[in-house]
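Below is one structure, written out as structure tokens; the observations come after it.
The values are calculated or read from the model by the stated rules, or taken from the named source; none is laboratory data. Not measured: the values here are computed from a predicted model. Here the Cβ positions follow ideal geometry from the backbone for every residue, glycine too, while neighbour counts run over all protein chains shown. Quick note on the areas: whole protein, heavy atoms, side chains included, nothing else; ligands and nucleic acids left out. Shrake-Rupley method; radii C 1.70, N 1.55, O 1.52, S 1.80 Å.
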Amino acid sequence: MMKLSNYMISASRNILKHKLFSTINIFGLSIGLAAVILISLFVRDELSYDKFWKNADNIYRMHQTFLPAGREPLVFTMVSGPIVHALKKDFPQVEEAARISNTRATMSIGDLNYEEVVSLVDPSFVKIFDFKTLDGNLENTLENQNNIVLNHTLAEKLFPHENALGKTLTVNADAFEREFIVSAVIEDMPENSQVNVSAMVSIVENEWLDQPWMFDNWFSSNSHLYFSVSPNADIQDINDQMPAFIDRNFPSSNIGEPNSKSIILSSQNIRDLHLKAQGKGEFRDRGSINIVLTFSAVAALILIIASINFMNLSIARASQRAKEVSLRKVLGASRKNLVAQFIGESIFITFLALFVSVVIVEMVLPFYNEIIGKNLALNYTSSDLFLIILFASIVGILGGTYPALILSKFRPAEILKTNKSSENGHSVKLRAALVIFQFAVSITLFVSTAVVYGQVLYTQNFELGFNKENLLIINNLNRDEADKKLNLLIDEFKRLPNVINVTWSDDAPGKYSEDNIGLRTPEMTSSENLQIGVRQIGYNYFETYRIPLLAGRYYDDTKNDRGSEIDELKTGRRFPASLIINETGVKKFGFSNPQNALGKILYRNIQDNDKNLIQEYQIIGVIPDIHLDSLKKEIRPEVFELIPESARYITLKYSGDSLAIVNQAHTIWKREIPSIPFSYNYAVDQLEEQYHTEQGEMTMFVAFSALAILIASLGLYGLASFTAERRTKEIGIRKVMGATVYDIVKLLVWQFSKPVMLANLIAWPVSYYAMSIWLEGFAYRIESIFILGFCAISGIAALMIAWITVAGNSMRVARANPIKALRYE
């Protein structure tokens, strides 16, 4: 006990005696530990998704991929509605299977109306997932079509300050409108789940006969399909049987090939969905396993840099503690005692740094959560505290072991005889190698940050082919009540002052569309249909978005641009509808140029019950390729079909005060459709939202790269100060011999420039390779030459940081009186 007390007193005196080195050690290590804690919280949360379900090992979700001819695969996390029935019939190892499809609906209680997302589920859905029931009985409750299950938040919203159980409300989802009874209230879904429900009602397929694509169409993906399997089932066996399953159950197509040639079904465990699933249709944003791995690596590298600082400065100071070590040995201390002492000191310093790091974490967590869109926190009553202490202890032991071994090796006779400190060449080389590694990592992070920032800037300034400014997009039009008032709303919006143009459409900028139709030229057979992207629009669409024409004309409400209706096609009355196509579509159909495409006829097969009808189109206009979707996607061949009578969005082109336009539009909406909440966005914001993940990555990269560079600079400053102090006598002699301040500063700066230059040579190829791979995720991206430019800039910046860091210390020592320097030691 007395020995431990002596060690603690010695450690405290050593810290106070060398305040600069102690501050650098503690501050650098605390920043490193804080960064590691923050990243660890993020990584732990990302890895925790859907692991809390009791039967998570045996819960899977099926995904569907379509392989259209001449197009990229269309990947969905949703599947066709009828698959659920065939799955339970064909695979006995499937215990339960259920669909879930979200729809927006109006919930009415008396005169109050709420627009909410309602999950349509099969009754067995609640048997697959062990929801925590707060009130009522969840078992078999959805067997009754008039029961509804609410989560706690929605129950409180609809029935504030009263028990929701047994209360009634009316739900209008267009396909159905009826009264429901609240049969159960469940806990809100955790944030770390891809399953997200706030209200559940049973799927009644007969209510959706007018919308067969929802649950009756084998070739339309509109619902997630979850299923649980018996404990010994092999999911790979089920996946392997999917081609035969598809050919056995899907209705025969007109292309003359088995359906398994154009459709892929596969299943994935629920715990893997957040980081590894691919495709469109998630209810919550997915993460990325690459991001998790990247930031895990960044955390490890920052910690290594901080530990290197600790080791470097400890090794450097070791030679200054040679007399202390020698005296302890003379007084009987063994090497084991000395190793224990100095590792103990290392752990003591690490715990001081840990305390500071926890303070830093608590201070920055609110801002950190805002950036990454999470609600992370340290829980000191859980295993978090134990893990942090254990982690800090390991860092202290690893960081202090090598310096302790160096210190305990000193021979008392040599040290006390020469009356000077001791340092061998191995220590100098090791310190240089560690500095090289530190700056190589810092430079790599600097380049990565610059590339991510450059790509985000590139996407923000990319020429999209249309004018995105001053576009107000009004949502919630995909409801029967809104469709009935569509023309009235458009007329009212047109009358607003400062509204330049009004249009409507089934999608909007930043809302990626996967809708496709099969079209062919007269020379093609029915089986040679090309799958072409389709956007359904109203009049004035191109004028509102300021999209120019390459050839032809826009849609005109004074001309007959509408084609035959279904009823007319049934009676044999067929006349062509006008069609506008993009430049990539022109190339897809083999037309030589936009002008050559005008007047060309295209055919579309329309299946109506047992009849195969043919719709005819005539190309009246060609527009350039426009980027309404993310730049991660290649421009697809597209047609813009005129659909005047329905829409999901109304777009207003305006001038002047945007808030005034919003208020005026809101007033009209509330007057005409009071039961549906007014919802809007700006095109600019929707487009930027597509790159929310990249902007978050950029912010994190900037922050953690800056921390890495700061830690490395602190270490370099400490080493420069130590080196200048050790060479005080040499510098004094050089000054006496005529060396100027500039000569001395240049000498010391050059000593530390060499490892930084070597670090550049290591970091540049690594950075170029890593960021080239990252950029491949974008169809439109900055040129690779920019990475080389960022490498050069980072190299210059690293040298500048090194020069500034070293020059301050060097200048101070170089200006000192040489007489004082010659008295040193």
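Could you tell me which of rounded, prolate or oblate describes region 107-245, using a ≥ b ≥ c as the square roots of the eigenvalues of the alpha-carbon gyration tensor, with rounded for a/c under 1.5 and, failing that, prolate when a/b is larger than b/c and oblate otherwise? Oblate, because a/c is 1.5 or more while a/b does not exceed b/c.
FRET efficiency for ASP480 and SER382, Cβ-Cβ distance as r, R0 = 51 Å, nearest 0.05?
On the way: r = 50 Å, r/R0 = 0.97.
Efficiency at R0 = 51 Å is approximately 0.55.
Placing dummy labels 7 Å off each Cα toward the beta-carbon, the span from LYS494 to ALA69 is 4.2 nm. With a simple spin-label model that places each label point 7 Å from the Cα along the Cα-to-Cβ direction, the separation between ASN596 and MET242 comes to 4.0 nm.
To the nearest 10, the accessible area of MET771 is 10 Å² with a 1.4 Å probe.
Taking only protein heavy atoms and a 1.4 Å probe, the accessible area of region 80-236 is 44% carbon and sulfur.
Applying 1/(1 + (r/R0)^6) with R0 = 35 Å to the Cβ-Cβ distance of MET757 and ILE389 gives a FRET efficiency near 0.30.
For the residue pairs LYS280/LYS670; LYS559/LYS600; LYS88/LYS276, alpha carbon separations beyond 22 Å are given by LYS280/LYS670; LYS88/LYS276. Excluding HIS85 itself, what net charge comes from residues whose Cβ is under 14 Å from its Cβ, given Lys and Arg +1 and Asp and Glu -1? The answer is -1.
For region 435-474, what D do you get in µm² per second when you plug the Kirkwood radius from alpha-carbon pairs into Stokes-Einstein at 4 °C and 1.567 mPa s? Translational D for this selection: 100 µm²/s.
The ellipsoid equivalent to the alpha-carbon distribution of region 615-699 has semi-axes of 28, 25, 13 angstrom, derived from the gyration tensor eigenvalues as √(5λ) and listed largest first.
Full extension of the chain segment joining ASP234 with GLN211 gains 4.7 nm, where the gain is 0.36 nm per residue of separation less the Cα-Cα distance. Length available on full extension from ASN269 to ALA797: 0.36 nm per residue minus the Cα-Cα distance, which gives 185.5 nm. In terms of its C-alpha gyration tensor, region 168-241 comes out oblate, because a/c is 1.5 or above while a/b does not outweigh b/c. When peptides 646-657, 153-164 are sorted by average Cβ neighbour count within 10 Å, with the highest value leading, the order is 646-657, 153-164.
Distance cut-off 31 Å, Cα to Cα: go down the list LYS157/LYS633; LYS157/LYS468; LYS132/LYS484; LYS127/LYS633; LYS484/LYS511; LYS157/LYS485 and report the pairs above it. Where the Cα-Cα span goes over 31 Å, the pairs concerned are LYS157/LYS633; LYS157/LYS468; LYS132/LYS484; LYS127/LYS633.
Taking 0.36 nm per residue of sequence separation and removing the Cα-Cα distance, the GLU115/LEU788 pair yields an extension gain of 237.1 nm. In this calculation the C-beta distance from MET363 to VAL766 is compared with R0 = 30 Å, giving a FRET efficiency of 0.35. With a cut-off of 15 Å between beta carbons, the residues surrounding ALA34 carry a summed charge of -2, where Lys and Arg count +1 and Asp and Glu -1. Here the Debye sum runs over all C-alpha atoms of region 35-155 as equal scatterers in vacuum, and log10 of I(q)/I(0) at q = 0.13 Å⁻¹ comes out as -0.80. Per residue, region 525-586 exposes an accessible area of 45 Å² to a 1.4 Å probe, with every protein chain left in place. Can you tell me how region 72-134 classifies by the Cα gyration tensor, rounded, prolate or oblate, using a/c under 1.5 as the rounded cut? Cα axes put region 72-134 in the oblate bin. Label-to-label distance, ILE773 versus LEU613, with points set 7 angstrom from Cα along the beta-carbon direction: 5.2 nm.
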